[in-house]
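Bear in mind these aren't lab numbers, they're just calculated from the coordinates by the rules spelled out. All figures in this text were calculated on a predicted structure; none of them were measured in a lab. Methodologically, a virtual Cβ is constructed for each residue, glycine included, from the backbone with ideal geometry; neighbour enumeration extends over all protein chains shown.
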C-alpha cells in the first residue's frame, strides 16, 4: 500500500489556514489603519480642546505683556502628554515664546498641529495679539495604538489557534476519518480480490464520501458481473474446446485404427496381409524360443483359380477369394490366424499346434472348402501344405517346407493335404 506524504485533509486544512491568516493580516492591518485614523482625529480634537482651555489665559497674559506668565502657560501646555511643541508668534512674525522638542524641524512638517489666533476685544474691536501653534507627532498616535495593537494581535492569534483546532476536529471527523475508513475498505478488497467483496462500512453523514462509496460499489458490481460473464464464456469455450479435442482425438484414433487396419489387413478379404503375417511369424518364432511354444504353418492355394478368372472374370474370382476368407474365419479356432499371402495363396499360422494337429486341421479345412458351395462357380477345391517349426530350423526353412508341401499336393493331383516330415 502506498504511503501518503501529505493527506488530503491536512492539505485542505493548511490551505484554509493560509487563507485565513492572509485575511486576518489584511483585516488586522485595516483595523490598525482605522484605529490610526481614529487616534489621529482624536488627538487633533484634543489639540483643539487644549487650545480652547489655555486661550483665555494666554489672551490675558499677552495683553498685559506678562512674559513670565506667558512662559508659565507655555510650559504648562508643553507638559501636556500629547504635545511635543508650543510656538507663539507675534503678528509680525517674531517669536514671542516657544517650547519645542529636540526634533523641531520634524514637528514643523507634521500634520498633527493646531494653529489658532489670539484676539483681544476692546470696545468691540478685535486686536490681533499672536498666533499659537500646538504640535504633536506620530509617536503620540503609536502610544495610543500600542495597547490596541497588542490586543488585536492577541485576538487574531487566539482566533487563529481556535479556528485551526476547530477545523482540525471538523476535518478529522468529516473527511480524514471517513477517507481512512474508505481507504481501509478498498485495501481489504484489494487483498481479497477472489471473494467479490463490497464496501460495507457505513458513514455517519450522507455526503460526497457516502456517494463515493456507493459509486465505487456500483463499479465493483459491474466489474464482478463482467468478470463472471468472462469466466462463464471461458468455461463454455473450454467445454467446446474439450469436446472438439475429444472429437478430434476420437477421429484421430479411428483414423489410426483405419491406417493400422489398412497397413495390416488385405483390402479384399479383410484377412491379415503379408506384412502382418510376417510380423506374426516373428512373434511365433520368439515365443517358441522363449517359452517352447510350438507352432505350425498351413499354406493354401485355390486349385485352378486362373481358369475361374478366365471363365467367369475377375469379379467372380474376387468373390471366390472373399468366400474362402469367410470360410476360414468362421472355421478356424481363435488361436489360429489366417491371412492372404498373395494372389490365390493363403497362410494359416497355428499357434500351439504340432505337425500332427496342424495336419488334422488342414484336412478339416480341405473337406470344408470342398463341401462349401460358392455362387456362380459352385464348389471349388484347395491344395494344402503343412510344416511344423523345429528348434534346429529357421523361419525361412519352415516357410519353404510348407511351400514345398503345397507343391507336392499340386503334383499329387490337387485337392489334398501334404505334410513333409
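Normalising the Debye intensity of the chain to I(0), with uniform scatterers on Cα atoms only, and taking log10 at q = 0.08, 0.10 Å⁻¹ returns -0.74, -0.88.
Here the simple spin-label model places points 7 Å from the Cα toward Cβ, and for residue 236 and residue 28 these points are separated by 7.2 nm.
If neighbour count is taken as other Cβ atoms inside 10 Å, put 36, 114 in order from fewest to most. Going from sparsest to densest Cβ surroundings: 36, 114. Each part gets one Cα centre, and for segment 253-277 versus segment 285-330 those centres are 16 Å apart.
FRET efficiency for the pair residue 256 and residue 356, taken as 1/(1 + (r/R0)^6) with r the Cβ-Cβ distance and R0 = 45 Å, rounds to 0.65. Take the Cα of residue 311, step 7 Å toward its Cβ, do the same at residue 221, and the gap between the two points is 9.3 nm. Averaging Cα coordinates gives a centre for segment 375-418 and one for segment 41-71; these two points are 173 Å apart.
Label positions at residue 115 and residue 326, each projected 7 Å from the Cα along the C-beta direction, are separated by 15.5 nm.
When the Kirkwood hydrodynamic radius is evaluated over all pairs of different C-alpha atoms of segment 274-419, what value in angstrom, to one decimal, is obtained? Working shown, then result.
On the way: mean 1/r = 0.0650 Å⁻¹.
Result for segment 274-419, one decimal place: 15.4 Å.
Under the 0.36 nm per residue contour assumption, what length would be gained going from the current alpha-carbon distance of residue 290 and residue 370 to full extension?
Numbers: separation 80, 0.36 × 80 = 28.80 nm, distance 3.82 nm.
This chain segment gains 25.0 nm when fully extended.
Under the definition of Cα pairs under 8 Å and six or more residues apart, what whole-number percent is the relative contact order of the chain? Walk me through the intermediate numbers first.
Working: 485 pairs, mean separation 43.2, N = 421.
Relative contact order here is 10 percent.
Would you mind ranking 24, 329 by Cβ crowding within 10 Å, fewest neighbours first?
Numbers: 24 19, 329 13.
So the residues, fewest neighbours to most, are 329, 24.
How large is the helix-only mean residue ellipticity at 222 nm for the chain, computed as the sum of -39500 (n - 2.57) over DSSP H runs with n ≥ 4, divided by its residue count, in deg cm²/dmol to the nearest 500? Numbers along the way, then the final one.
Working: 11 runs with 257 residues, N = 421.
Value at 222 nm, helices only: -21500 deg cm²/dmol.
Were the residues from residue 65 through residue 21 laid out at 0.36 nm apart, the gain over their Cα-Cα distance would be 9.7 nm. Counting beta carbons within 10 Å around each of 375, 303 and listing the fewest first gives the order 375, 303. The mean sequence separation of alpha-carbon pairs under 8 Å and at least six residues apart, normalised by the residue count of segment 274-419, gives a relative contact order of 30 percent. Full extension of the chain between residue 229 and residue 142 yields a length gain of 23.3 nm, computed as 0.36 nm times the residue separation minus the alpha carbon distance.
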